[in-house]
Each structure stands twice: as structure tokens, then as C-alpha cells.
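The values are calculated or read from the model by the stated rules, or taken from the named source; none is laboratory data. Note that this is a predicted model, so its numbers are computed, not measured. Don't worry about glycine lacking a Cβ; one is built from the backbone with ideal geometry, like all the others, and counts go over all protein chains shown.
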Amino acid sequence: MKCLIIGSGGREHALAWKIAQSPEISRLYIAPGNAGTSEVGKNIPIPADEIDSLLSFAEKERIDLTVVGPETPLAKGIVNLFQKKGLPIFGPNQAAAQLETSKIFAKKFMVRHRIPTAEFQVAASLSEGRSILEKWGGKPAVIKVDGLAAGKGVFICDTRPEKEAALKQIFSHKIFKSAGKKAIIEKKLNGEEVSLLAITDGKKYHSFPPAQDHKKIGENDLGPNTGGMGAVAPNPFLLPSVKRQVIQDMIAKTISGLAEEGITYQGILYAGLILTSEGPQLLEFNARFGDPETQAIIPLFEGDLLQLLLTTAQGNLLRTKPVFRKGSACSVVMTAAGYPGPYQKNQEISGLKTASELRNVLVFHAGTTKKGRKTLTSGGRVLNITGFGKNLTQAIANAYLGVSKINFAGAYFRRDIGQKALRQSGNHPKNLT
Ligand SMILES: Nc1ncnc2c1ncn2[C@@H]1O[C@H](COP(=O)(O)OP(=O)(O)OP(=O)(O)O)[C@@H](O)[C@H]1O
Ligand SMILES: [Mg+2]
């Protein structure tokens, strides 16, 4: 079978690495890919959001399955385009992807289907935003633009000046352009976060081991937000009984709720939860595999990923649950100097081979490119080093052993990935499922 993966990050390298192991695979392409994906398949220089060129390529090469990594092509309707031509593609269509592409759509959907989420209101102007916040009094609030903003459209505001600054960025300076035409203002919640991913063909679904992302650049969750600095799976904060409840109250209700509204959701449904003292609340949906969660989850998956994704795309997800190995995985992101601000590029990376030859260590590339025999940095998040082991302690140790072998000028990584989870699993050693 011929498979095309769209995207160029660590998530896509992890998917490519696993799909390359399928007994059914004959050719694997990644568009546009990175230095790591070129070692497990063939990179095709088509950007992920050029959906017409991707379609032409898939038609010409007679691709049996296209797997969409990032959200932009989903938002542009790549799934509708491929399906119209009868080409199998893994991912939700444009209507279903609105759960991620419009936060207003997602919140209204949650209310319609009684899915627990933070109280909110919609603002379409500076004055509307101010008057909502005025009515809410001095309480902390979270202000989020409606559309896609690559993780940068969320403002957590504790003070009045912070709220005013966020509204001005959105409505006066219009820094998010059309994605910021409207915004939601919601109550700030407190608790541990969990990424729960499920795979669904629109009717049946299976959940993956819950993961925990680390969004802040600094240790102890300090500093600005990033695309994600590391992840662990399973996430010990989500106890098995609560996980069952979340699957019923959020995942199952969402899939059936969409179906009632005439929308078939096929692909990965990613629920971003926060575990509050009043129970789990849904912060957001994503319509795709998470990055870096995928780099921790996929190494634990024991089955044939190509078959799992293909049967889902065909609307025929098997009833048998996907099998995940026992134990834990920890993925540490190495970034370029300056990230998440303007960052350095074109630094030579050393130690990749040594790290990838270690037992229980996988090196997934993100912002890398090949120049002759050298591998250079080309993005803010450069590499994801995943370690696994029979418990989280070992997984963390293996990940950092891998990290210690790798070098490039200005390399930065958090040294505390997985530590919160480790403290929690110490509290509930039997609950790590
Ligand atoms: N109501 C809330 N209360 C507290 N924190 C929140 C709230 N909403 C969002 N956050 C914080 O902001 C982060 C980003 O919010 P959200 O997931 O809605 O945005 P996003 O830009 O879609 O993120 P992603 O890049 O993960 O898709 C959350 O992971 C969480 O840490
Ligand atoms: Mg999101």
C-alpha cells in the first residue's frame, strides 16, 4: 500500500516511523517532511497547506491512504476534496473540524450537548468585550480568539490591565486578522490538564492512553506558552474511573452529538481536559493527533497503525481495541535558542546516531533539514527524544539519556518533563493504566 503523510513535525515523524513498520506498506511519502522522515520514507516538497497540489500528487501516485497531521489542511477542507475524488484520507472533513477551527462553534456545541465546560460569552468588538468583563467583575478570565492561531490566541488574564491588553491585541491591533474577528471570554479554571485522544470512524471509537503536555517554555511551568515542550503517557492524573466518565461524557457524547447534527467525525478527536475540584471540564477540542503527545503515545502502540488508520478512514473501525504496551513513555522537546520568540536556524546537530542507537530511546525530528551529510536545525522545536520503560521513572531516565547525547549550538530543553506526573504516580502507584 502507498501512504502519504502530510506535515513536517515530530508528530509526523512518529506517525511515519510507525507506519513504515506496517507489513502492508510498499511506499511511504511525507509532504513536506523533515530530515528524520526522509530516513523512513520519501519527502515530497509540497507544503502541508497546498491542498490542490497534494491532491494532484495523491492522484498521480495512486495513494491508498493519506494521513493529515496538522490542522491547517483540515481547515481548508482537504478531506472533502480527497473524498470527492474517492481517495481514502484519514482526518475529519471541514464541518467536523470546526470543533477545532472555531472555538465558538466548539463551545456552543458543548452547551447544546451538555458537555461540562467553563462558562463563556462571545465578544465581537472591544466594547462588547469590555462590557462582558465589566459584568464579570474582577474575576480572572481567559480570552481566546475564535479561529486558528497556532496556540498563540489564548490570553490568561488575572488582572484588569491584562484583560484590556488582550482585548486590544485582538480587536484594535487585529493581530490575529480574521481568526480574531470574534473571541470568547471564559471563566478561568484550575487543575491538572490531560490530553485524551480517541480514534473514531463516526460511530465506533477507541481511546488512547491519556497524555500530559508541558506547554510552558520554563521549568515548573513558568514563562510563555510554546507548541509543547514535552509529554508523558499514560497521564497518571486521569484515574481509570474518571477516564471512563470522560469517555462517556465527552468523547461518546461528541461523536453522537455530531452525528445527530448530520456531521460524521472521522479521525482523531482530541479532548483537552482540566481536572477541577468540581470534576473534569473540557477546555478544547483538537481535530488531529497532538504534538508532542503523539511522540509519547505512538511508541506505546503495538498494532499496525496503517491498518488502524485505513479502516477508520473507510468508516470501518474494528471493534477490537488497539493494544498498547504496558509501561510509560516520556518525550522531551529540544528547541533552538530564542524559541518561542525569533530563533536561530542552520545549526549543525551532532549525536543523533548515538542517541537513536540507545535501547528504549527514539529520536523524532521536527525542525530539521539535511544539507549534504549534515543535519541542520530549521525550526523552533528541533527534536523530540522519546524514552520508554516499564515505569515513568525509567521512561524519563531513557529520554534524558538520549537528550544528553545530542548537541547543537543554543540547544534548550526543560529538565523537568514528567516530574509532576512522577510525583502523582507515586501517590497512586496502582493506577497507572
Ligand atoms: N478556561 C481556562 N482556564 C484555565 N486555563 C485555560 C482555560 N482555557 C485555556 N487554558 C489554558 O490555555 C491553554 C491553551 O488553551 P486552548 O487549548 O483552548 O488553546 P489552543 O490554542 O487551541 O491550544 P492548542 O495549541 O493546545 O490546540 C490550555 O492548555 C490551558 O493551559
Ligand atoms: Mg486547540
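Laid out as a table, the results:
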read-out: Some residue of the stretch 159-174 being surrounded by fewer than 14 Cβ atoms within 10 Å (Cβ to Cβ) and within 16 Å of ligand 1 (Cβ to nearest atom); value: yes
read-out: Selected residue [more than 18 Å from LYS204 (Cα to Cα) and not hydroxyl-bearing (Ser, Thr, Tyr)] from ILE297, ILE251, ILE255; value: ILE297
read-out: Contacts under 6 angstrom Cβ, first residue in the stretch 74-94 being under 22 Å from ILE255 (Cα atoms), partner surrounded by fewer than 18 Cβ atoms within 10 Å (Cβ to Cβ) and small (Gly, Ala, Ser), 6 or more apart; value: GLN94/GLY77
read-out: Residue list for the stretch 130-170, filter: closer than 28 Å to ASP213 by Cα and in a loop (DSSP other than H, G, I, E, B); value: LYS139, PRO140, ASP146, GLY147, LEU148, ALA149, ALA150, GLY151, LYS152, GLY153, ASP158, THR159
read-out: Any hit, the stretch 204-214, residues being at pLDDT below 95, at negative phi, within 11 Å of ligand 1 (Cβ to nearest atom) and surrounded by 20 or more Cβ atoms within 10 Å (Cβ to Cβ); value: no
read-out: Residues that are within 16 Å of ligand 2 (Cβ to nearest atom) and either within 14 Å of ASP291 (Cβ to Cβ) or crowded, with 21+ Cβ neighbours inside 10 Å (or both), drawn from the stretch 64-85; value: VAL68, GLY69, PRO70, GLU71, THR72, PRO73, LEU74
read-out: Failed item, numbered, when SER102 is tested on (1) free of Cβ contacts under 8 Å to residues at least 60 places away in the same chain; (2) more than 19 Å from the chain's Cα centre (by Cα); value: (2)
read-out: Conditions (1) farther than 26 Å from ASP49 by Cβ; (2) within 12 Å of ligand 1 (Cβ to nearest atom); (3) without any contact (Cβ under 8 Å) to a residue 40 or more places away in the chain; (4) small (Gly, Ala, Ser): number failed by ALA141; value: (3)
read-out: Selection within the stretch 171-199 - in a strand (DSSP E or B) and within 16 Å of ligand 2 (Cβ to nearest atom); value: ALA183, ILE184, GLU186, GLU193, VAL194, SER195, LEU196, LEU197, ALA198
read-out: Verdict on SER172 being farther than 15 Å from SER131 by Cα, over 25 Å from the mean Cα position of the chain (by Cα) and among the polar types (S, T, N, Q); value: yes
read-out: Selection count where residues are within 16 Å of ligand 2 (Cβ to nearest atom), in a strand (DSSP E or B) and under 13 Å from the mean Cα position of the chain (by Cα), scope the stretch 215-237; value: 1
read-out: Among (1) without any contact (Cβ under 8 Å) to a residue 60 or more places away in the chain; (2) buried (at least 23 other Cβ atoms within 10 Å of the Cβ) - the single one ILE298 does not satisfy; value: (1)
read-out: Any chance ARG381 is surrounded by 14 or more Cβ atoms within 10 Å (Cβ to Cβ) and in contact with a strand residue (DSSP E or B) (Cβ under 9 Å, 6 or more places away or on another chain); value: yes
read-out: Selected residue (criterion: nearest to the chain's Cα centre (by Cα)) from residues of the stretch 267-294 that are among the aromatic types (Phe, Trp, Tyr) and more than 18 Å from LYS204 (Cβ to Cβ); value: PHE289
read-out: Condition met for GLN281 (outside any helix (DSSP H, G or I), touching a residue at least 60 places away in the same chain (Cβ under 8 Å) and surrounded by fewer than 23 Cβ atoms within 10 Å (Cβ to Cβ)); value: yes
read-out: Residue pairs meeting the criteria (Cβ under 7 Å; at least 6 apart or on separate chains; first of a type in the set (Ser, Thr, Tyr), in the stretch 172-192; second near ligand 1 (Cβ under 8 Å from one of its atoms)); value: none
read-out: Among (1) away from ligand 2 (no atom under 16 Å from the Cβ); (2) in contact with a helix residue (DSSP H, G or I) (Cβ under 7 Å, 6 or more places away or on another chain); (3) assigned to a strand (DSSP E or B), the one test that GLY202 misses; value: (3)
read-out: Answer from ALA149, ALA118, ALA106 - the residue that is buried (at least 20 other Cβ atoms within 10 Å of the Cβ), within 14 Å of ligand 1 (Cβ to nearest atom) and among the small types (Gly, Ala, Ser); value: ALA106
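Every residue, every condition in (1) more than 15 Å from LEU196 (Cβ to Cβ); (2) away from ligand 1 (no atom under 13 Å from the Cβ); (3) surrounded by 19 or more Cβ atoms within 10 Å (Cβ to Cβ); (4) assigned by TED's automatic domain parsing to the domain that holds VAL67, yes or no:
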site: THR254; (1), (2), (3), (4): no, yes, yes, no
site: ILE268; (1), (2), (3), (4): no, no, yes, no
site: ALA271; (1), (2), (3), (4): no, no, yes, no
site: LEU275; (1), (2), (3), (4): no, no, yes, no
site: ASN286; (1), (2), (3), (4): no, no, yes, no
site: GLU302; (1), (2), (3), (4): yes, yes, no, no
